[in-house]
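Heads up, the thing below is written out as structure tokens.
The values are calculated or read from the model by the stated rules, or taken from the named source; none is laboratory data. All values reported here derive from a predicted model rather than from experimental measurement. Counting neighbours? That spans all protein chains shown, and the Cβs are built from the backbone with ideal geometry, glycine included. When the accessible area is computed, the model is the full protein with side chains, heavy atoms only, and any ligands, DNA or RNA have been set aside. Shrake-Rupley method; radii C 1.70, N 1.55, O 1.52, S 1.80 Å.
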Amino acid sequence: MTTSVPRVKLAHEVAKKLCEDIACRRWDSELPPERELCRTYVVSRRTLREALQMLFARDIIARQARRPPRIVRRKFSWEGVRTQTVAILSAFPLDLAEPEALRILQTVAARLQSQDIAVRFIVGAGYYSTGFRRLQKLVEGNRIDCWVIHRCPPAMQTFLGTGGYPVVLLGSTSDSPGLSLPCVDMDRHAAAYHAAGKLMQAGYRRICLFVPDENVFGDLACRRGFEEACDRCETSGTLSSEIITYRDEPTTIRKAVERIMRKSPASSERTGIIITRVRPSLMLLTHILSMGIRVPQHVGVLSTDWTPLFAYLSPSMAGYQVPYEQVARCLTGHILAVTHGETLRTPQQYLIPEYKAGTTCM
């Protein structure tokens, strides 16, 4: 049975060989083109680029516009070099995270490890607690080159931002003035705005937004997008809208759904519901169906998140998605820039989502 060499090890070996050839003055002032280097070291272009990234990070070579990398220094000892480390922090185990968030973080971890960067996963709700003493002890007691925070609440963002810690968020930043932590997220304002407009276009005259009370991960952006869309039509008096906050618990979601259905003034008035996050979307839809309410004839449902699991529901859930590969690619770029002390051109990157059709909305 044959076994393949892991790419992280192969890229590391190519980087060491490049250093040796640079020290021996195999090339004058710059490296050859990538195609020639791939033939020389018998590796793919992807592996070569991972090796070159290791040399960029150690200031052995430098980038040049439309030219091969320039050689900066020739003497470099690869032995004893400290491995750069990225820590991914979550309030709960990642297997309990939203499916797409888990896929994003796993993909990012694999890409970082392929570039000779160590990745640590740290879990603990206590780090998210008010006061952040445990968090301060954690970040100051560990030599981490970049912290990746999943679902970072506004108060925690303020603590990290004012402390000047190297941070990248998977999610949206707070609206606090002067606070601009690097982040990557779906444009949730655009998703909620489009969802409200789509429900109105389908003839739903009563529109509700279900949003968690945590105010994280783009919840505030969803609120703004929903309110802006509804303000355009409410002046005519033909539309009513409401925002319902809930705790992410099945019982709370069920009670909120029942309360909304009881408040409907007429059975002929069709209600459209927009809900954020994957698990609450599943809970809301199944409970509406268990109440004997027809979807989408009487109630239309849209989720501002989407997972391939939605296609297996009956009726299938409609929602919004940015492919996880695109989010992972952008997030990896942000992390590498912060890890290497580079300046980000666009620290807050919000990706336009794609509408995924389903039968929960006409």
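Scan (1) open to solvent by less than 30 Å² (accessible area, probe 1.4 Å); (2) in contact with a helix residue (DSSP H, G or I) (Cβ under 8 Å, 6 or more places away or on another chain); (3) closer than 25 Å to TYR246 by Cα for the single condition LEU309 breaks and write down its number.
(1)
Sort out which residues of segment 336-347 are surrounded by 15 or more Cβ atoms within 10 Å (Cβ to Cβ) and polar (S, T, N, Q), and write them in order of number. Spell out the reasoning first.
The first filter runs over segment 336-347 and keeps only residues surrounded by 15 or more Cβ atoms within 10 Å (Cβ to Cβ), leaving 336-340, 347.
Selection gives THR339 alone.
Can you name every residue in segment 83-117 that is surrounded by 15 or more Cβ atoms within 10 Å (Cβ to Cβ), of a type in the set (Gly, Ala, Ser) and more than 25 Å from ALA155 (Cα to Cα)?
Residues satisfying the conditions are ALA109, SER114.
Just the residues that are in a strand (DSSP E or B) and either out of contact with any Lys or Arg (no Cβ under 6 Å at 6 or more places or on another chain) or of a type in the set (Phe, Trp, Tyr) (or both), please, taken from segment 282-338.
VAL299, GLY300, VAL301, LEU302, SER303, ALA318, TYR320
If ARG270 satisfies all but one of (1) touching a Phe, Trp or Tyr at 6+ places or on another chain (Cβ under 6 Å); (2) farther than 26 Å from PRO154 by Cα; (3) at pLDDT 90 or above, what's the number of the condition it fails?
(3)
In the list ARG70, ARG49, which residue meets the criterion of being surrounded by fewer than 14 Cβ atoms within 10 Å (Cβ to Cβ), out of contact with any Lys or Arg (no Cβ under 6 Å at 6 or more places or on another chain) and either of a type in the set (Lys, Arg) or in a helix (DSSP H, G or I) (or both)?
After ruling out the rest, the residue left standing is ARG70.
Looking for whichever is assigned to a helix (DSSP H, G or I), open to solvent by less than 20 Å² (accessible area, probe 1.4 Å), within 20 Å of LEU302 (Cα to Cα) and modelled with pLDDT of 95 or more here; the options are ALA221, ALA191. Which one fits? If you could, list the steps in order and put the result at the bottom.
Details: ALA221 fails: modelled with pLDDT of 95 or more.
Just one listed residue meets the conditions, ALA191.
Given the conditions (1) among the small types (Gly, Ala, Ser); (2) free of Cβ contacts under 8 Å to residues at least 24 places away in the same chain; (3) open to solvent by 30 Å² or more (accessible area, probe 1.4 Å); (4) more than 30 Å from GLU34 (Cα to Cα), and given that SER44 satisfies all but one, which numbered condition is not satisfied?
It is condition (4) that SER44 fails.
Out of all the residues in segment 52-67, which are in a strand (DSSP E or B) and open to solvent by less than 90 Å² (accessible area, probe 1.4 Å)?
Answer for segment 52-67, where residues must be in a strand (DSSP E or B) and open to solvent by less than 90 Å² (accessible area, probe 1.4 Å): ILE61, ALA62, GLN64.
Mind checking which residues of segment 295-328 are in contact with a strand residue (DSSP E or B) (Cβ under 7 Å, 6 or more places away or on another chain), among the polar types (S, T, N, Q) and under 12 Å from GLY358 (Cα atoms)?
Within segment 295-328, just SER303 meets the criteria.
Of the residues GLY300, GLY333, which single one is surrounded by 20 or more Cβ atoms within 10 Å (Cβ to Cβ) and of a type outside the set (Lys, Arg)?
Answer to the check: GLY300.
Among the listed residues LEU282, LEU331, LEU336, which satisfies the condition of being over 25 Å from PHE210 (Cβ atoms) and either acidic (Asp, Glu) or modelled with pLDDT under 95 (or both)?
None of the others qualify; the one that does is LEU336.
Here is a list of conditions, (1) open to solvent by 60 Å² or more (accessible area, probe 1.4 Å); (2) at pLDDT 90 or above, and LYS198 meets all of them except one; can you say which number that is?
Answer for LYS198: the failing condition is (1).
Which of the residues spanning segment 144-188 are surrounded by fewer than 20 Cβ atoms within 10 Å (Cβ to Cβ) and free of Cβ contacts under 8 Å to residues at least 24 places away in the same chain?
Residues satisfying the conditions are THR158, GLY161, THR162, GLY164, SER176, PRO177, GLY178, LEU179.
Looking at segment 204-216 only, could you name the residues that are open to solvent by less than 30 Å² (accessible area, probe 1.4 Å), in a loop (DSSP other than H, G, I, E, B) and either without any contact (Cβ under 8 Å) to a residue 40 or more places away in the chain or not hydrophobic (A, V, I, L, M, F, W, C) (or both)?
Filtering segment 204-216 for residues open to solvent by less than 30 Å² (accessible area, probe 1.4 Å) gives 204, 206-212, 216.
Still in the running and in a loop (DSSP other than H, G, I, E, B): 204, 216.
Selection gives TYR204 alone.
Do the conditions hold for TYR350, that is, is it open to solvent by 20 Å² or more (accessible area, probe 1.4 Å) and in a strand (DSSP E or B)?
Yes; evaluated as a whole, the condition is true for this residue.
Given the structure, is LEU89 outside any strand (DSSP E or B) and modelled with pLDDT of 85 or more?
No.
Using beta carbons and a limit of 6 Å, which pairs, at least six apart or on different chains, have the first residue in segment 82-107 and under 13 Å from HIS150 (Cα atoms) and the second one basic (Lys, Arg) and modelled with pLDDT of 80 or more?
These pairs meet every condition: ALA87/ARG120.
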